[in-house]
Every structure is written in structure tokens, then in C-alpha cells.
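Each reported figure results from applying straightforward, stated rules to the coordinates on display, with no laboratory input. Owing to the predicted nature of the structure, the values given are computational and were not obtained by experimental measurement.
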Amino acid sequence: MSTTAAAKLLRGNGVTLFKVRDETINLLGKSDMYFFSPEHPPLTEPAGKAIDWAVDEKKKSGVA
């Protein structure tokens with residue numbers, strides 16, 4: 001995998017993902033989204049309601 005000139009320039013000037021992430025949090029503060037991992041993103045309200053409805057329907061069906 002090749003490294004782009006932009007990546008080399010950023011790295012050469014000490015810019016890393018972790019430093020950018022930390023500085024962004026310092027400037028903007030932590031949001032609720034920050035506490036969720038990419039594997040378990042938060043659900044929107046409509047998505048949560050849809051899942052709750054599906055679970056309720058499954059329970060009512062009596063099928064295991």
C-alpha cells in the first residue's frame with residue numbers, strides 16, 4: 001500500500017489520528033455519539049421503535 005504525499009506531510013508535521021481526535025474533543029466537547037463503538041452505533045428513535053415493535057410481535061406469536 002502506498003502512502004500519499006499528503007499523509008507523509010501530515011505525519012512529518014506530527015499530525016496523527018489520535019491528536020486530531022483529542023483536539024476535536026477539546027474544541028467541541030464529547031457528544032453522546034463518541035461513547036458508542038462503531039460496532040454498536042446508537043439507533044435513531046424510529047429505528048428503536050421498529051425494533052421494539054418487531055420484538056413485541058415475535059413475543060406475541062409464541063414461536064421460539
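Taking 0.36 nm per residue of sequence separation and removing the Cα-Cα distance, the K49/E23 pair yields an extension gain of 5.8 nm. Show which lysines lie in cross-link reach of K49 when reach means a straight Cα distance below 16 angstrom and same-chain residues fewer than eight apart are skipped. The reachable lysines, counting only those whose Cα sits under 16 Å from K49, are K58, K59.
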